[in-house]
Every structure is written in structure tokens, then in C-alpha cells.
Amino acid sequence: MAITARYILVCDDVRREDNGKIIIIGLYLPDMAVPQIPFILPTLTFFCNLESDRPGNYSMQVKLRHEDSGRDIAQAVAMLPVVDPTQPVIVPIKFGNAQINSAGLYSFSLEIQNQAPIVVTFNVQLVMPRAGQQGGPPMGTR
């Protein structure tokens, strides 16, 4: 059995329209800029586009970790159903109220039974809003 990642996007949220199209909200490219630490993300979503070589129900464990401290922020266990291996397996994994306590390197790992973990890393950077600017940092600020 081999389940591989075609890609994993880090974003605020993912929604499906009535016509089946997927809306990706708040895509992080590639890092996350926050206006303060600690910072609570109401929703942090990992949009996983996977492929499999066979159908089945596979156990999976997901984990969000601050790599610099080794501290796990969130984790979950679920089943991954693969109905048709000729089609992509789309899995949005959402963490509610993820608290970011430190800037630095973070990882998202997806462990599917009997396989090496699929890991995506991203940096969280503290970026203060400019004087007179509302909300978070401007797009492209690093």
C-alpha cells in the first residue's frame, strides 16, 4: 500500500461550493506572518491532495508541532477512506483555535498506517502592522 501526497496547502479554511468547486481561504505562501505572539488561529487547515494505489480504509494520525521546542500543539486520529484509487483523495484537515506561542519552525505530519510520515514545514514570523494599518501584515511581507 502506498499513499503519497501530491501536495499539501497550508491555509485558514477550505470550503466546497454547491457546484463542487473548492474555495481555499487565506493561503500561506510559504510562511505565516502573525501580528502578535501568542496568536490564536480560529481555524488552521491543511488541504491534502493525496493519491493511493488501492482502495481501503486506512488509519491516520495528524500532528501539528513547534519544531524548535518539540512541543505538540494539536493532534488527531481518524480514518482515511479511499474509494477509487484512480481519483485524487482530497482531505482537508482542520485544527480549531490553534495557539501559536512562539515564532519559528512548525511541522504538520500525516502518518498513515504502516507508512513513513508525510511532513510539511512552515515558519511563523512575527510581523508588526505598519503605523495606521489595520489588521495583519501586507501580502508578501516576510
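For this structure, a couple of remarks:
- This ranking places Leu29, Leu105 by how few other beta-carbon atoms lie within 10 Å of each, fewest first, which gives Leu29, Leu105.
- At full extension, Asp68 and Thr86 could sit 2.6 nm farther apart than now, given 0.36 nm per residue minus the alpha carbon distance.
- The chain shape via C-alpha gyration tensor axes, a/c threshold 1.5: prolate
- Legend: ranking of residues Val77, Val120 from fewest to most surrounding C-beta atoms inside 10 Å; resulting order Val77, Val120.
- Each part gets one Cα centre, and for segment 81-96 versus segment 1-63 those centres are 10 Å apart.
- Overall, the chain carries a charge dipole of about 220 debye about its Cα centre when +1 sits on the Cβ of Lys and Arg and -1 on the Cβ of Asp and Glu, all other atoms neutral.
- This ranking places Tyr7, Tyr28, Tyr58, Tyr106 by how few other beta-carbon atoms lie within 10 Å of each, fewest first, which gives Tyr7, Tyr28, Tyr58, Tyr106.
- Charge dipole of segment 3-126 about the Cα centre (unit charges at C-beta), most positive-ward option of Val89, Tyr7, Ala78: Ala78
- Bridge type composition, segment 3-126 - antiparallel percent by DSSP, nearest 5: 95 percent
- Hz values of 3J(HN,Hα) by residue in segment 44-60 - Karplus curve (6.51, -1.76, 1.60), Gly and Pro given as x: 10, 10, 10, 8, 9, 10, 10, 9, 10, 9, 7, x, x, 10, 10, 6, 9
Read-outs throughout are calculated quantities, based only on the coordinates presented, and are distinct from any laboratory measurement. It should be emphasised that the depicted structure is a prediction, and the values quoted were computed from it without experimental measurement. Ideal geometry is used to build each Cβ from the backbone, glycine not excepted, and the neighbour counts take in all protein chains shown.
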